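Asker: Please find one structure pasted underneath; my questions will follow.
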Amino acid sequence: MYTLKKQTRAMLFIVFSIIIVMLIGLIVLELYMPDIELVKEALVQGAGSSKMTYIVHLNENPVTQERQMEQGKYYLKPFVDYIDVDCSFVLDTNLDAGFVLQDKIDVVLVSQVGTDEEVKVIWEKASTEAPLQEAASTGRSIQSARSIRLRFESYDALVNSLIDEYDLVTDYVIKVVYNVSVMIDYNGRVHEEKFSSYITIPFTNPIIQMSGQPESARDVAIEQDVEHSAAPDLSLLVLYGAAIVVCIGIILILRLKTKSLVREDAYAQKVADIFKEYGNRLAGLSEALFYQSSVMISIDKMEDMVKIADEIGQTVFYFQVDDEAERKIEFYVFDEGRIYYMVLFGSL
């Protein structure tokens, strides 16, 4: 059993009780007054995709009797007459909305150097082969279809002149780009989405293999910010609960394993001073004395008790009682048939 000052022990009880109440309050706030967070909520959802396909048409040539070839193959450039490129776009939504769609097809001649891993564009020249076109509709879907016919004559002439006149020998690539912009209007909320797809043709190679990103598809949505109550933070609740358990444990330890230190009044202080000054001259008794047959001489001061003990060569004995019924300390010096006696009483 450990002892604490009464005021300290009481203060600890109060502090940890307040902490428990505060933690319980935090738990209640977390459960019944959650934070408000802004959450994106979709008003309209949909999916859009742009797609490019092509067919290569051949001249009459000595290596094949075919007049057209589908995409995804190797082509011999000297035998290519023209290429038909078809572009399409479709957007579907789950609710009725207003749509304004704009699309066009650009053909870009690109001068570049490098490898497939890292390409550096030197310059590029764009021309619009299918000019900007706008379409509007209302409902759950909008779509568009555009096409161009690509011939190599003008690009051959330009590239050959650059090489002959300026010695600009680089890799030349034709890039066909399909750009789409669509505005979605739902109950006055307007949202814009853009799609782009392209194919590339290695123009200066005698053997052509087309590449690029002929398809572009993704989900679209018109969203609004909605206030939602955040879910309780379970980690915080566990932390608060653990802290409450710890505080209750500390209070139980204070209650069961400690006791209040007896207050240090004038009596206790006087006894402490006596032991501090004369402790080496005192000897304790295990039980009180019965001295009816002796001559009792009462002494008032501890200094006199010590002097008497020194004169007769005796020890100063003491017996102390400190409980709920009585608080006192008695001092004795024995001299044959006489007993020198001094007592101090403390208040209960």
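The values are calculated or read from the model by the stated rules, or taken from the named source; none is laboratory data. These numbers come from a predicted model, not from an experiment. With ideal geometry, Cβ positions are generated from the backbone for all residues, glycine too; neighbour counts draw on all protein chains shown.
Asker: Is it the case that the stretch 252-259 has a residue that's within 30 Å of Tyr32 (Cβ to Cβ), at pLDDT below 90 and touching a helix residue (DSSP H, G or I) at 6+ places or on another chain (Cβ under 6 Å)?
Answerer: Checking the stretch 252-259: not a single residue is within 30 Å of Tyr32 (Cβ to Cβ), at pLDDT below 90 and touching a helix residue (DSSP H, G or I) at 6+ places or on another chain (Cβ under 6 Å).
Asker: Can you pull out the residues in the stretch 142-159 that are surrounded by 14 or more Cβ atoms within 10 Å (Cβ to Cβ), in contact with a strand residue (DSSP E or B) (Cβ under 8 Å, 6 or more places away or on another chain) and either part of a strand (DSSP E or B) or not hydroxyl-bearing (Ser, Thr, Tyr) (or both)?
Answerer: Listed by number, the residues that qualify are Ile142, Gln143, Ser144, Arg146, Ser147, Ile148, Leu150, Phe152, Val159.
Asker: Among the residues of the stretch 104-115, how many are without any contact (Cβ under 8 Å) to a residue 60 or more places away in the chain and in contact with a Ser or Thr (Cβ under 9 Å, 6 or more places away or on another chain)?
Answerer: Qualifying residue count for the region: 1.
Asker: Could you say which residue among Leu91, Leu95 is hydrophobic (A, V, I, L, M, F, W, C), at pLDDT 95 or above, touching a strand residue (DSSP E or B) at 6+ places or on another chain (Cβ under 7 Å) and assigned by TED's automatic domain parsing to the domain that holds Val190? Working first, answer last.
Answerer: Details: Leu95 fails: at pLDDT 95 or above.
Every option except Leu91 fails the conditions.
Asker: Tell me whether the stretch 173-185 contains one or more residues that are touching a residue at least 24 places away in the same chain (Cβ under 8 Å), over 16 Å from Gly48 (Cα atoms) and of a type outside the set (A, V, I, L, M).
Answerer: Yes, some residue in the stretch 173-185 is touching a residue at least 24 places away in the same chain (Cβ under 8 Å), over 16 Å from Gly48 (Cα atoms) and of a type outside the set (A, V, I, L, M).
Asker: Run down Asn59, Asn94 and say which single residue is surrounded by fewer than 16 Cβ atoms within 10 Å (Cβ to Cβ) and over 44 Å from the mean Cα position of the chain (by Cα).
Answerer: Details: Asn94 fails: over 44 Å from the mean Cα position of the chain (by Cα).
Being surrounded by fewer than 16 Cβ atoms within 10 Å (Cβ to Cβ) and over 44 Å from the mean Cα position of the chain (by Cα) holds for just one of Asn59, Asn94, which is Asn59.
Asker: If you take the residues in the stretch 290-311 that are surrounded by 14 or more Cβ atoms within 10 Å (Cβ to Cβ) and outside any loop (DSSP other than H, G, I, E, B), which one is nearest to the chain's Cα centre (by Cα)?
Answerer: In this case the residue turns out to be Met302.
Asker: Next up: Please count how many residues of the stretch 175-226 are part of a strand (DSSP E or B) and in contact with a helix residue (DSSP H, G or I) (Cβ under 8 Å, 6 or more places away or on another chain).
Answerer: The number of residues fulfilling the criteria is 2.
Asker: Checking Ile222 against (1) more than 52 Å from the chain's Cα centre (by Cα); (2) closer than 30 Å to Asn94 by Cα: exactly one of these is not met. Which one?
Answerer: Failing condition for Ile222: (1).
Asker: OK, next. What's the number of the condition Phe89 fails, among (1) surrounded by fewer than 17 Cβ atoms within 10 Å (Cβ to Cβ); (2) of a type in the set (Phe, Trp, Tyr); (3) more than 20 Å from Val169 (Cα to Cα)?
Answerer: All conditions are met except number (1).
Asker: Do the conditions hold for Gln314, that is, is it surrounded by 12 or more Cβ atoms within 10 Å (Cβ to Cβ), part of a loop (DSSP other than H, G, I, E, B) and not charged (D, E, K, R)?
Answerer: When the stated conditions are applied, Gln314 passes them.
Asker: Out of all the residues in the stretch 14-41, which are exposed (fewer than 14 other Cβ atoms within 10 Å of the Cβ) and touching a residue at least 60 places away in the same chain (Cβ under 8 Å)?
Answerer: Listed by number, the residues that qualify are Ser17, Ile24, Leu31, Asp35, Ile36, Glu37, Leu38, Val39, Lys40, Glu41.
Matching residues to (1) surrounded by 11 or more Cβ atoms within 10 Å (Cβ to Cβ); (2) more than 30 Å from Asp84 (Cα to Cα):
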residue: Gln213; (1), (2): yes, no
residue: Pro232; (1), (2): yes, yes
residue: Ile244; (1), (2): yes, yes
residue: Leu252; (1), (2): no, yes
